[in-house]
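Worksheet for the structure shown next.
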Amino acid sequence: MKHETQKFFDLPLEEKKKSEQSSGDTDGFGQLFVVSDEQKLDWADLFYLKTSPTYLRKPIFSKLYLSLIETMKEYADEIKKLSMKVLEMLGKTLGIDEKEVKSVFEEGMQSMRMNYYPPCPQPDKVMGLTPHSNGLVLTILFQVNGTQGPTSSLVTAHNPPRFKTMGATEFYRGYLNRELVGKSYVEAIRINHQ
């Protein structure tokens, strides 16, 4: 999936525009939730598709190049298995019967969103992404490459970094292997400037 994601975003803009969102639709290449021509957009390109159940797939899905279609289908199948396993484990923890969890979530809508954050020529003038929450049951983040830390103009002697910089692997290893000492993991990665 990493290779196909990079391959898609490396395409010339004219090629990506062949997969552009239709007016009033979210599936395809473009931006989500654009409501006005004057609206400030996020500094990101994205490609969004509904992947499951298959009847929810838009025609744009079948217009993609073959290796991307095949990879997305395989990835969506594996993510569905992982999602169901996670939901079943959460259900078990909450005392919900496995059959009930399956009946509620197994045929649910699944989508895939690929974001690309191009290098910014003026990072000091960009706020980043619009604050948001995912109104879904479960979001699984698959990070293809590293993301930039705070722009150097934000980190100064008067405004030092507040948290340690680390990759996703290090973060999750620490988060999942820590001993419970009454504090959240956020406190463990906070930089103490005394």
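General remarks:
- Scoring 92-103, 8-19 by mean Cβ neighbours within 10 Å over their residues and listing the highest first yields 8-19, 92-103.
- Cα Rg over Rh - segment 54-111, Kirkwood: 1.11
- Whole-number D in µm² s⁻¹ for segment 2-145, Kirkwood Cα-pair radius fed into Stokes-Einstein, 20 °C, 1.002 mPa s: 125
- Site pair K81 and M109 shows an inter-label distance of 2.6 nm when each label is modelled 7 Å from Cα along Cα→Cβ.
No lab work stands behind these numbers, since they all come straight from the coordinates. These numbers were taken from a predicted model, which means no experiment stands behind them. Methodologically, a virtual Cβ is constructed for each residue, glycine included, from the backbone with ideal geometry; neighbour enumeration extends over all protein chains shown.
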